[in-house]
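Below is one structure, written out as structure tokens; the observations come after it.
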Amino acid sequence: MGRSALLTKSGRGRASLVRRARLFWLGLAILALALVSPLHAAGERSFVLHMVEHEILMLVATPLLVLGEPLPVMLWAFPPPWRRRFGRLGADLGSSLAWRISSSLVGATVLQAATLWLWHMPALFNRALESDMWHIAQHLSFVVSALLFWNAMLGRRGARGTRAGQPALAALCLFLTSLVGGALGALMAVSESPWFEAYARLGEAPFGLSAAEDQQLAGLVMWVPGGLVHVGAALLVGAKLLTSRKETVGAR
């Protein structure tokens, strides 16, 4: 409804609205696919498949949702009085200390890194495997922290950093994130004993892997593909920064 209302009022912005809508629905479809497909059920028996699910959530679905910028469009689904109320609520939230910290480049980077490392502590990860509520909390925290992270890195609406002229800091944060996630993945990849009792109790994992081998492969998934996504994003941000500087110099 919000998109329809905006399309009727848009001129040159129609193409942008359509593109953002496609990105949003693609991200939502990938998010749903990761959470309700057989992959989710298989992740309860295999750590590597569980890790693939987490990587899809944090590296594929959430950046697409951020690029879709759905919230401004959703506001147009409400009558004008409600839009104004929600707008004031959003302005109040945006001026709060918690939002200023969590939406900043450094704050979002630290928050996502802390979320990643805390949930991979054996006690918490085992609890998530054994309790549906804890498992929901784990996935929700991964998605929320990743949304805040990509919102800050991509400089979307409400983010503090890249729109304030700090693409170099964004590139640095992306590179550091690749190291933080890569370090955790590397530790799991080189470990010769399983960290998580819930998987060790299951015995042989799918594909004929032992619990230790399953964990090592999961560590590689976090280490290599995860690291490449963040490094690639850092290079894109850096290239954009260099291009903008060349254009500025050329205009003088």
Original post:
Across the stretch 203-223, what is the number of residues that are free of Cβ contacts under 8 Å to residues at least 24 places away in the same chain and of a type in the set (D, E, K, R)?
Top reply: 2
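Determine if the stretch 69-77 includes at least one residue that is closer than 20 Å to A108 by Cα, touching a Lys or Arg at 6+ places or on another chain (Cβ under 9 Å), surrounded by fewer than 18 Cβ atoms within 10 Å (Cβ to Cβ) and at pLDDT below 85. Write out each step before concluding.
So in the stretch 69-77, the residues closer than 20 Å to A108 by Cα come out as 69-71.
Now drop any that are not touching a Lys or Arg at 6+ places or on another chain (Cβ under 9 Å), which leaves 69-71.
From what's left, surrounded by fewer than 18 Cβ atoms within 10 Å (Cβ to Cβ): 71.
Subsequent filtering for residues that are at pLDDT below 85 retains 71.
For the stretch 69-77, residues closer than 20 Å to A108 by Cα, touching a Lys or Arg at 6+ places or on another chain (Cβ under 9 Å), surrounded by fewer than 18 Cβ atoms within 10 Å (Cβ to Cβ) and at pLDDT below 85: present.
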**OP:** Answer yes if at least one residue in the stretch 11-25 is modelled with pLDDT under 90, basic (K, R) and surrounded by 15 or more Cβ atoms within 10 Å (Cβ to Cβ), and no otherwise.
**Re:** yes
Original post:
Name the residues in the stretch 117-144 that are in contact with a Ser or Thr (Cβ under 9 Å, 6 or more places away or on another chain), touching a residue at least 40 places away in the same chain (Cβ under 8 Å) and either hydroxyl-bearing (S, T, Y) or farther than 14 Å from H50 by Cβ (or both), would you?
Top reply: V143
Subject >> Condition met for Q166 (modelled with pLDDT of 85 or more and polar (S, T, N, Q)) >> reply: no
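Residues to consider are L236, L184, L217, L228; find the one that is surrounded by fewer than 17 Cβ atoms within 10 Å (Cβ to Cβ), within 28 Å of the chain's Cα centre (by Cα), at pLDDT 90 or above and assigned to a helix (DSSP H, G or I).
Details: L236 fails: at pLDDT 90 or above; L184 fails: surrounded by fewer than 17 Cβ atoms within 10 Å (Cβ to Cβ); L217 fails: surrounded by fewer than 17 Cβ atoms within 10 Å (Cβ to Cβ).
Just one listed residue meets the conditions, L228.
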**OP:** Those residues that are part of a helix (DSSP H, G or I) and either in contact (Cβ under 8 Å) with a residue 12 or more places away in the chain or over 20 Å from L129 (Cα atoms) (or both), I need them from the stretch 187-202; list them, please.
**Re:** L187, M188, A189, V190, E197, A198, Y199
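Residues are listed down the side, and each one gets a yes or a no for (1) at pLDDT below 90; (2) surrounded by fewer than 14 Cβ atoms within 10 Å (Cβ to Cβ); (3) in contact with a Leu (Cβ under 9 Å, 6 or more places away or on another chain):
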{"site": "T109", "(1), (2), (3)": "no, no, yes"}
{"site": "A114", "(1), (2), (3)": "no, yes, no"}
{"site": "L129", "(1), (2), (3)": "yes, no, no"}
{"site": "W134", "(1), (2), (3)": "no, no, yes"}
{"site": "F149", "(1), (2), (3)": "no, no, yes"}
{"site": "R156", "(1), (2), (3)": "yes, no, yes"}
{"site": "A159", "(1), (2), (3)": "yes, no, yes"}
{"site": "L172", "(1), (2), (3)": "no, no, yes"}
**OP:** Six or more apart or on different chains, Cβ under 6 Å: which pairs go from a residue in the stretch 97-108 that's touching a residue at least 40 places away in the same chain (Cβ under 8 Å) to one that's among the β-branched types (V, I, T)? Could you list them?
**Re:** G107/I101
Original post:
Which residue pairs have Cβ atoms under 9 Å apart, sit 6 or more places apart or on different chains, and have a first residue in the stretch 46-61 that is on the phi < 0 side of the Ramachandran plot and in contact (Cβ under 8 Å) with a residue 60 or more places away in the chain and a second that is part of a helix (DSSP H, G or I) and of a type in the set (S, T, Y)?
Top reply: S46/Y199; F47/Y199; H50/Y199; M58/S145
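The values are calculated or read from the model by the stated rules, or taken from the named source; none is laboratory data. Source: prediction; values computed, not measured. Glycine gets a Cβ as well: all are built from the backbone with ideal geometry, and neighbour counts include every protein chain shown.
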